[in-house]
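What follows is one structure encoded as structure tokens, with my remarks underneath.
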Amino acid sequence: MILNKDDKGASELRALTGNYAANNKFSKIEGDVKIASSEVANIIGQTLFNKVEADYLQGNANELIEMIQRPIAYMACLRFFKKNDLSHEDDGRKFKLASDTTEKLPWEWQLDRDDSIMLDNYYESIEILLRHLITTGNEDYKLSNSYKLSSGLLIKSGQQFNEYFSIQRSERMYIVLLPTIREAQMKLIAPSYGTGFNALIEENQVPESDVHFAACKATALLAMSIALNRGPIQLIPSAVIRGYMAENGAANSSPASIEDIRLVAKSLELDAKDWLERMKEARDGFKAESALLHSNDSNNKYFVI
């Protein structure tokens, strides 16, 4: 385990999160630490995780130890606190009251806000970890399933994804969206492009070609549309939905409804198809429909039929 060396797990959790009591028994949260460790190992790859864990247990210096410990600590504490709001005893669940009258039980909204803050800290620490692994070119991270999958995609990192669809914590969200990015590429982008698509994947021109930009833009938009339609929607930041609607003249401060989500997903899909047409035009070097259709402007009073 990457925490609790020399039985100092509670103190380590306190130092990492600032909100776990150092005098608590680590054994009470040990199961949550193991689950959180498994989740983080799945994100960064088991090979890298095992190597850093070995360095921690052997007392070897490794800059990644604390960077990996922190998201584990936040998620373990979140899980622990949520399940301990009620105590579980032989005669049922109990809600404990503080004997000290100066302390009061929190309101439900206060618990929700505290959970949200801890989850936000978990996401942020995962983002910092992933960006460090990518920018330093960590060889062990390149052995992870997510990295291997990304190497065969048009969009190969969260930083690149952010260039085509701006989103918070892009590296973490990129990992979440990998299956839908691959689906969008296989189902629509590659068949629409046709012969030579593999060469497009490997393009590394600076500046980027118009056809590569259009293909990546369509991929990002379609991947987001698929993700919003299928969920789990809680993994998509609400700011994505509200922000996209604001850009399209439908901003308000209320939470996004199911209808809002469907509207955004459909709009993203249509936008993706528009960029697919731009991709084809850039690929062929001319506007495909120009010889067949008149160029009408919706601002004109008269149209040619």
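The values are calculated or read from the model by the stated rules, or taken from the named source; none is laboratory data. Quick caveat: nothing in here was measured; it's all calculated off a predicted structure. As a convention, Cβ positions derive from the backbone with ideal geometry for all residues, glycine included, and neighbour counts pool all protein chains shown.
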*asked:* Let me spell it out: the conditions are (1) buried (at least 21 other Cβ atoms within 10 Å of the Cβ); (2) within 21 Å of the chain's Cα centre (by Cα); (3) under 19 Å from ASP114 (Cβ atoms), and GLY45 meets all of them except one. Which number is the exception?
replied: (3)
*Applying the selection to the range 40-65, what residues are closer than 19 Å to GLU171 by Cα and of a type outside the set (A, V, I, L, M, F, W, C)?*
ASN42, GLY45, GLN46
*asked:* Looking at the range 59-66, can you tell me whether even one residue there is modelled with pLDDT under 95, loosely packed, with under 14 Cβ neighbours inside 10 Å and closer than 18 Å to ARG131 by Cβ?
replied: yes
*Wholly enclosed helices (runs of 4 or more DSSP H) of the range 1-90 bearing at least 2 residues without any contact (Cβ under 8 Å) to a residue 24 or more places away in the chain and of a type in the set (S, T, N, Q)*: 30-44, 46-58
*Only residues in the range 142-154 that are free of Cβ contacts under 8 Å to residues at least 12 places away in the same chain count as the first member; pair them with residues that are in a loop (DSSP other than H, G, I, E, B), Cβ under 9 angstrom, at least 6 apart or cross-chain, and list the lot.*
LYS142/GLY45; LYS142/SER151
_helices (runs of 4 or more DSSP H) wholly inside the range 123-234 that include at least 1 residues being crowded, with 18+ Cβ neighbours inside 10 Å and outside the structural domain of LEU263 (by TED's automatic domain parsing)_ = 145-150
